[in-house]
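Worksheet: one structure, shown below.
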Amino acid sequence: MLVQIQSYPSSHFLSDFSTENYGVVLLNGSGIFSVDQINYSYENSTVLFLTPYQKLKLIAEKDEEIMILFFHGDYYCIEYHKEEVACNGLLFNNIYLNPGIRLPGEQYDYIRGIFNHIERELSEKHLFSESIIKTYIQLILAICSKQKSGNPNDQISGGRLSNKNAAEFQKMLELHFKEEKELSFYSSKLNITNSTLSKAVKKEFNKTPSQLINERVTLEGKRLLHLTYLSVKEIASGLGFHDEFYFSRYFKKSVGCSPKKYREKVGISIVAKISM
């Protein structure tokens, strides 16, 4: 299905869980969730945003019901709707931010109500259901984008990071990730040791520099597979891989599937089709 809502017991997520869809996850308890092996704590009313093939694990302090809105990129393209909902790079596809957001109780309840409205539209399947459901998805993303953009704790950019070395690493990574994938390049540019840079980055992002380098390369690979018609060989070359098959192994190790399968399952965006 291109869009659906599912409920699960929290115990369902004790092992890796991933799909080819985007996911909006409602958590209303406390515990720890892990996205791509990075741990985050959550408490009370939390909404978590997952991109295709991100791996979710969850350890809840008490057994709770988890609701997830799944939608495929062919159904609602976050890049196509970026003017209406600035969620790409904020809620989704940002390796520097916590993929979840804590909401005030009334906003969480409102979004839970929207989930119920979507379920009703899915069951009725009348002439206007698709348009209504897309509007509901857009409303959820707009509410959460507004909340997250207004939360100073989630505003991670080069100029706002408390640690100068971490901030400079982020800037350099955005400039050089395609051609430079070794930690030593970044530490030498900053005139500090690998250990000093690793400690600064780990403290700021809860990830090591090597993890961020890998995630940034993988994120760009996903973006190009989804938003362009470039071949896997062309994408590999553009990301600094001289061997297409090495890139495929690199991608599969990070994502869990090959670039070819990722493109087949996630699809090529309407954005790519329009730009042809």
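Find which of 35, 132, 67 sits farthest along the positive direction of the dipole of the stretch 3-154, computed with +1 on the beta-carbon of Lys and Arg, -1 on that of Asp and Glu, about the Cα centre. After comparing all options, I get 35. For the stretch 96-237, the square roots a ≥ b ≥ c of the C-alpha gyration tensor eigenvalues yield an a/c of 1.5 or more together with a/b not exceeding b/c, which makes the shape oblate.
Net charge dipole, the stretch 3-154: roughly 180 debye, given to the nearest 20, about the Cα centre with Cβ charges of +1 for Lys and Arg and -1 for Asp and Glu. Using just its DSSP H runs of length 4 or more, each adding -39500 (n - 2.57), the chain gives a mean residue ellipticity at 222 nm of -14000 deg cm²/dmol after division by all residues.
Report, by chain and number, residues whose modeled amide H sits under 5 Å from the one on residue 19, excluding near sequence neighbours (fewer than 5 apart, same chain). Long-range HN contacts for residue 19: 53, 54. Taken one residue at a time, the phi angles of the stretch 181-187 give Karplus couplings (6.51, -1.76, 1.60, θ = phi - 60°) of 10, 9, 4, 4, 4, 6, 5 Hz. Gly and Pro are set to x. Charge dipole of the chain (Cα centre as origin; +1 on each Lys and Arg Cβ, -1 on each Asp and Glu Cβ, all else neutral): 760 debye, rounded to the nearest 20. For the stretch 164-274, a/c is not less than 1.5, where a ≥ b ≥ c are the root eigenvalues of the C-alpha gyration tensor, and a/b tops b/c. That puts it in the prolate class. With Rh defined as the Kirkwood radius, the inverse of the mean 1/r over Cα pairs, the Rg/Rh of the chain is 0.97.
Contact order, relative form, for the chain: 17 percent (alpha carbon pairs under 8 Å, 6 or more residues apart, mean separation divided by residue count). Among the GluC sites (Glu not before Pro) within the stretch 175-276, those in coil by DSSP and having at most 12 neighbouring Cβ atoms inside 10 Å are 179, 182. Legend: distances between Cα atoms for 55/265; 233/260; 125/265; 57/181; pairs beyond 20 Å are 125/265; 57/181. For the pair residue 39 and residue 229, the difference between a 0.36 nm per residue extended length and the Cα-Cα distance amounts to 65.0 nm.
Applying the criteria of a DSSP loop state and at most 10 other Cβ atoms within 10 Å to the trypsin sites (Lys or Arg not before Pro) of the stretch 160-206 yields 160.
Read-outs throughout are calculated quantities, based only on the coordinates presented, and are distinct from any laboratory measurement. Remember, it's a predicted structure, so these values are computed and weren't measured experimentally. Ideal geometry is used to build each Cβ from the backbone, glycine not excepted, and the neighbour counts take in all protein chains shown.
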